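Taken together, the values in this text are just the output of simple stated rules run on the coordinates, not laboratory data. Keep in mind that what you see is a predicted model, and the values were worked out from it rather than measured. With ideal geometry, Cβ positions are generated from the backbone for all residues, glycine too; neighbour counts draw on all protein chains shown.
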Amino acid sequence: MISGIGLVPPKMIYSNYWMGKNVSKVDACRSPMTDIAEHNILTVCNSDNITQDVFSEMEIYYKYLTSGIIYSLHDLSTVVHSDSDFDSDMVCTFDSNVFIDNAWDVMPTTYDKGVDNMKPQKYDVEVAVRSDKQGFGNKVGVYSNYSTSLFAMIPMFSDGEKHTDPKYPEYDCTEKQLELYKTGKKNRFIIGEEIDSTKTGQKPEISSDFNFSKPDKDEARYYNQSEIEEYARKFVEQNELVPKYMPYFFIYVRDNYKEKYTKYKTRMNEACKWYTYESIDNFVSGVLHGIRELKTKDEETFWEYFVSHCPLLLTECLMNKICWKLEIFEKEMDAIIKENWKDNDRYILMGYAKEIEITKSQEKFIREQYENYINGVKEIFNKKNRPNTNGGNKELYQIGKRDALLFEIRTELIKELKVGFPDLFNMLVKALKKYGKSKYDSINSFIWNVMGDDILDVIPLSDKRLKMDDTISADEIQGIEILGKNVVFTWEDRDIGEIQ
């Protein structure tokens, strides 16, 4: 018998999940993923690519591990996944050829972490509390966002001389793009040090590459025009590669970015009408979604100004492009639902509920809680009631108030109805579907927010599933055209036993 240690060959993984889907190759991406070198293309072990005796041993030792990825001890995967080890670190795996075929084959980012100078110490309550305290105010998220910003900036510098740095022959990019990649690698080191600061207490020193230089107005006060222009040019050059702004898709990540972008568009609306004879929403979405081209000099002038002064990066980085595709899809779906499903008596989320019977008192109680939610949210987010947080984040305060309201309503529902979350979902739908369709948006929002993460337990438990098929020709079944494809939606029954 083999010992069970080191069964997985180099550059391979064992995964019950991917084997069950007959997937042969995946791209494993470290979380948080901050450098282009952290894509790890790996082969999935199966009975065809592993000798029978070894695979039999794998099935003995690994058969109960129905999720997760088992790595090989014989390769450098933990080096590729910077700062990772074998204590259940997070990794996301994709079988998409878009990821696999486009991953760059580059050297992993390595550096001296300097932890060898640490003295071994016994892990006790005092050490645990000290580590927790040192973890407060951790800026891993802040530094990870630097990488997001750096990647979003890369399309800005696609024009220029190809780099000639002999240390980076595999990087097919311009000189300035290579500088952004190098800054990202420095940021990888900073993130690693910040993660370790919870244990070491030592915060990383921030490179000047991340500091945005500001001009000294007093210094330039007595300059003539040419000197002022030269002074300004110097600061533009110093700051052009500094990650300061987040990409457009962040409006769907943080409410404050969406608010900044919305305010900016509102401020630019009149200028947009003057230059383009269109509203800001129509013009900007048309350009971003590739629906319209800039035809006049005025349109080009306005667009150049809008992009250069925007609080978000509107570059064609991958995540922005995906975001714009999803916006097009969402817009098409909204129009389709309003037109083709206007006579339907339920939304997709409600369609997952089972038909049950509830008492009149239960229905009344659920409706009262729904009204409490609607009125409470209106009061919390009413501009007249904006709180004074003494310099704190008002948006976070309001979100906290809403979450507290949801927790209270959720608790009351569970206490009064005395059911688990799957049954609660069915009861909510049963009681609230009787409202008019004009309230379906707010009802869906209420159900989704009250259920929280438990909604994920509800949908798989349904005895129905919504199937989407884009392989059916328009001659067979007339579906709905989405992104140029004939898509057919059908409800089908399923056996609960098929859900693992």
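Take the residue pairs Lys325/Lys378; Lys203/Lys234; Lys434/Lys464; Lys325/Lys437; Lys325/Lys485; Lys11/Lys139 and return only those whose Cα atoms are more than 23 Å apart.
Numbers: Lys325/Lys378 32 Å; Lys203/Lys234 31 Å; Lys434/Lys464 21 Å; Lys325/Lys437 28 Å; Lys325/Lys485 14 Å; Lys11/Lys139 32 Å.
Among Lys325/Lys378; Lys203/Lys234; Lys434/Lys464; Lys325/Lys437; Lys325/Lys485; Lys11/Lys139, the Cα-Cα distance tops 23 Å for Lys325/Lys378; Lys203/Lys234; Lys325/Lys437; Lys11/Lys139.
Placing dummy labels 7 Å off each Cα toward the beta-carbon, the span from Asn269 to Asn239 is 2.9 nm.
Note on the chain: helix-only mean residue ellipticity at 222 nm, from DSSP H runs of 4+ residues weighted -39500 (n - 2.57) and normalised by residue number, equals -15000 deg cm²/dmol. Other residues with beta-carbon under 14 Å from the beta-carbon of Arg233 carry, at +1 per Lys or Arg and -1 per Asp or Glu, a net charge of -4. About its Cα centre, the dipole of the range 138-210 is roughly 300 debye, where the only charges are +1 on Lys and Arg Cβ and -1 on Asp and Glu Cβ. Note on Thr200/Asn256: beta-carbon distance plugged into 1/(1 + (r/R0)^6) with R0 of 25 Å gives a FRET efficiency of 0.20. Shown here: the range 138-210, whose C-alpha atoms stretch 43, 24, 20 Å along the first, second and third principal axes, sorted largest to smallest. Once you put a point 7 Å from the Cα of Lys439 and another 7 Å from the Cα of Ser24, both along the Cβ direction, what distance in nm separates them? Inter-label distance under the simple model: 5.6 nm. Taking label points 7 Å from Cα along the Cα-to-Cβ direction, Asn282 and Asp159 give a separation of 3.0 nm.
Quick one: net charge around Ser308, please, counting Lys, Arg +1 and Asp, Glu -1 for every other residue with C-beta under 14 Å from its C-beta. Before the final figure, lay out each step's value.
On the way: positive: Lys244; negative: Glu240, Glu300, Glu304.
Local charge sum for Ser308: -2.
For the chain, give the magnitude of the charge dipole about the Cα centre (Cβ charges: +1 Lys/Arg, -1 Asp/Glu; no others), in debye to the nearest 20.
Working: 66 positive and 84 negative charges, 433 e Å.
The dipole of the chain has a size of about 2080 debye.
Comparing Pro169, Thr51, Tyr261 along the charge dipole axis of the chain, the residue lying farthest to the positive side is Tyr261, per the Cβ-charge model.
Compute the signed sum of charges (Lys and Arg +1, Asp and Glu -1) over the other residues within less than 11 Å, Cβ to Cβ, of Tyr277. Here the count lands on -2.
Shown here for the range 408-471: chymotrypsin sites (Phe, Trp or Tyr not before Pro) in loop regions (DSSP other than H, G, I, E, B) with at most 16 other Cβ atoms within 10 Å, namely Tyr435.
Look at the dipole of the range 12-102 built from charges on Cβ: of Cys29, Tyr61, Tyr17, the Cα furthest out on the positive end belongs to Tyr17.
What does the charge dipole of the range 356-457 about its Cα centre add up to, to the nearest 20 debye, if the Cβ of each Lys and Arg holds +1 and the Cβ of each Asp and Glu holds -1?
Values: 18 positive and 15 negative charges, 113 e Å.
That gives the range 356-457 a dipole magnitude of about 540 debye.
Once percent of Cα pairs over 35 Å apart is calculated for the structure shown, the corresponding label among (i) 54; (ii) 47; (iii) 32 turns out to be (i). From the alpha carbon centroid of the range 27-93 to that of the range 160-183 is 31 Å. For a modelled paramagnetic label at Leu294, 7 Å from Cα along Cα-to-Cβ, no residue of the range 147-166 is in reach, as no backbone nitrogen comes under 11 Å.
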